[in-house]
Amino acid sequence: MRTLLFSAMALALCFSSACDGGDAEDTGATSATSGDGDGDGDGDEGGVCGEEWASKDPMSGEPPLQPVQGFGAPCETDADCTEIAGGAGSCVTEILGMFEVPNGICTITDCTVPSDTFYVPDSTECSDMGGIDCVGIVGNFTACLPTCSNNDQCNREGYGCRLMPLIGAENDPTYCLMDAQDCCLLDTPEQCGS
């Protein structure tokens, strides 16, 4: 199943030149030129990237995830991510020309995952304090993110707790992410997962 998902992502990357969001403003933010995961079907067709799409209950009693050591914080430029590892953080506003990242996300984009997996839990490359996973595909795109267990923890509008688009599979960790289809930059959003 993962091989099929990886193949689908590789095919989508082949068509990434058909993006409609190629001329982003230069704000000092990192346009990650690498890949991301497989969705869990929470998307809302016809929505706008950055609008709320995941139902959340502020009265759930579930504490919202605050940016963990700066990871996951909103940003416009790399300078907004100085809390991460003494200033080693980057502001990612789009991924591989495939996904817009609404209001940016602070992360480190050069962590390492082995070729046979998409996740390194509690990666020491991300944080020596633990609690941050390295997520992605070796040679394409990796990012450091804290995990979540439900939408109520994702305290940013336009974000919900979901599997990584294109690479996520049942029982994989989930992260506070944008809607894969609403934030797809390709002419055919189904290539971005659901």
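The values are calculated or read from the model by the stated rules, or taken from the named source; none is laboratory data. Only a predicted model underlies this, so the values are computations on that prediction, with no experimental measurement involved. Using ideal geometry, Cβ is built from the backbone for each residue, glycine included, and neighbour counts are taken over all protein chains shown.
Assorted remarks:
- For the stretch 127-139, the set of residues classified as among the charged types (D, E, K, R) and free of Cβ contacts under 8 Å to residues at least 24 places away in the same chain consists of 128 only.
- Test: residue in the stretch 79-92 that is at pLDDT below 85, more than 25 Å from residue 194 (Cβ to Cβ) and touching a Phe, Trp or Tyr at 6+ places or on another chain (Cβ under 7 Å): yes
- Yes/no for residue 168 being surrounded by fewer than 19 Cβ atoms within 10 Å (Cβ to Cβ) and either among the polar types (S, T, N, Q) or within 26 Å of residue 60 (Cβ to Cβ) (or both): no
- The single residue among 104, 72, 89 that is surrounded by 14 or more Cβ atoms within 10 Å (Cβ to Cβ) and touching a helix residue (DSSP H, G or I) at 6+ places or on another chain (Cβ under 6 Å) turns out to be 89.
- Checking each residue in the stretch 128-140 for being on the phi < 0 side of the Ramachandran plot and surrounded by fewer than 21 Cβ atoms within 10 Å (Cβ to Cβ) picks out 128, 129, 138, 140.
- Options 117, 142, 109, 124; residue that is touching a residue at least 60 places away in the same chain (Cβ under 8 Å) and in a loop (DSSP other than H, G, I, E, B): 109
- Top-ranked residue of the stretch 148-194 - restricted to ones that are part of a loop (DSSP other than H, G, I, E, B) and free of Cβ contacts under 8 Å to residues at least 40 places away in the same chain, ranked as nearest to residue 72 (Cα to Cα): 149
- Flag if residue 160 is within 18 Å of residue 50 (Cβ to Cβ), buried (at least 21 other Cβ atoms within 10 Å of the Cβ), modelled with pLDDT under 90 and in contact with an Asp or Glu (Cβ under 9 Å, 6 or more places away or on another chain): no
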